[in-house]
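Colleague: Could you have a look at this structure, given as structure tokens, before my questions?
The values are calculated or read from the model by the stated rules, or taken from the named source; none is laboratory data. This structure is a prediction, so every number in the text was calculated from the model and none was measured. Reconstructed Cβ throughout: ideal geometry from the backbone, glycine too, with neighbour counts over all protein chains shown. What goes into the accessible areas is simple: the full protein's heavy atoms, side chains included, and nothing from ligands, DNA or RNA. Shrake-Rupley method; radii C 1.70, N 1.55, O 1.52, S 1.80 Å.
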Amino acid sequence: MLNADRLAVFPIDQWIQEGVQWMAMHMRPLFLLIKWPVEQLLTFNDSVIHAAPFPVLVVIAFLICWRLASLSVAVFSAVVFVAIAVLGVWNEAMTTLSLIMTAIFFCALIGIPIGIWSARSERVWLVVRPVLDIMQTTPTFVYLVPVVMLFGVGNVPGEVAVVTAAMPPLIRFTHLGIRMVEHEIVEAGLAFGADKRQLLWEVQFPLAIPTILGGLNQTVLTAMVMSVVVAMIGAEGLGLVVLQGLGRLDVGRAAVGGIAIVLLAMMLDRFTQKLARTRPRDQQTFRAVIWRLFRGEPKRQGGAGVGPTTQADAREAL
């Protein structure tokens, strides 16, 4: 009988190793070009967050969460910040927060356009979908190997790994949100004389906002998980606290880092979940979506409840 050990084995591991080495040697300028904006934004966010006094950051977090989410989320965020300070890992938590903020920016900058493009082109989706499948099923530790070989070690390579691992959910949810807009609404927009650009930004994108923000929620949580893993390649933050605690068999230190990570993840999760709950008539245009980030939630009229944007509301508006 045939034995699996006696069959010819393709040297796939050697091919991958040689391919990554070739890229590291011959495509160095490209990776430096990718690394530069990540490094600049990460350095800026990290310096600003660490330069601000503790009470100022608590007040800013409270006001942002109150303006964009709700009072309960704002109070919870303030309590989380105070609890992290009491645990004695404030600086590490702020480093992790800067990593997450930078990752969210680049994930949105790259992921949302790709999701829109794939939603409007079936050929693009046929290419993007298997790539997303591979990215989402690949273990997080596997990302570290090519990142180290191509970008080195430290906070910036760790940020690259975080962005790479956290981007797929946002692309999928953006694609899903655009595709879920009912055909009748699209036809109504075309009947009113909207071109493709107007149809996207004034009809499809506003209706897809709740779904896209749901994808942003998953991206934030994935980035939190990955921000702990990248401590293995020299990234600082709460992940490094946990890694140092495990390396020294200091269970208390590792537990403190883990508790701070959980609290920070809960705060970001509550904020993004609340942000995804939109009022029916507040997002009929793309301008209204952007303006909401500055004006906050409008007051309720007559005790009316807040519900998600529905296709029926959009059809009525058209």
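Colleague: Considering only residues that are among the β-branched types (Val, Ile, Thr), open to solvent by 90 Å² or more (accessible area, probe 1.4 Å) and within 24 Å of Met232 (Cβ to Cβ), which ones fall in segment 122-144?
Modeller: Filtering segment 122-144 for residues among the β-branched types (Val, Ile, Thr) gives 124, 127-128, 131, 134, 137-138, 140, 142.
Filter once more, keeping what is open to solvent by 90 Å² or more (accessible area, probe 1.4 Å): 127, 134, 137.
Listed by number, the residues that qualify are Ile134, Thr137.
Colleague: Among the residues of segment 253-270, which ones are under 13 Å from the mean Cα position of the chain (by Cα) and surrounded by 18 or more Cβ atoms within 10 Å (Cβ to Cβ)?
Modeller: Once the filter is applied, which keeps residues that are under 13 Å from the mean Cα position of the chain (by Cα) and surrounded by 18 or more Cβ atoms within 10 Å (Cβ to Cβ), segment 253-270 yields Ala265, Leu268.
Colleague: Further question: Can you tell me which residue among Ala194, Ala223, Ala235 is at pLDDT below 85 and of a type in the set (A, V, I, L, M, F, W, C)?
Modeller: Values: Ala223 fails: at pLDDT below 85; Ala235 fails: at pLDDT below 85.
The unique qualifying residue is Ala194.
Colleague: Considering only residues that are farther than 22 Å from Leu109 by Cα and either crowded, with 16+ Cβ neighbours inside 10 Å or among the hydrophobic types (A, V, I, L, M, F, W, C) (or both), which ones fall in segment 34-64?
Modeller: Ala51, Ala52, Phe54, Val56, Leu57, Val58, Val59, Ile60, Ala61, Phe62, Leu63
Colleague: If you go through segment 185-226 one residue at a time, how many are β-branched (Val, Ile, Thr) and surrounded by fewer than 21 Cβ atoms within 10 Å (Cβ to Cβ)?
Modeller: So the answer is 3.
Colleague: Got a sec? Which of Val73, Val59, Val80 is of a type in the set (Val, Ile, Thr) and under 29 Å from Gly154 (Cβ atoms)?
Modeller: Unique residue meeting the criteria: Val80.
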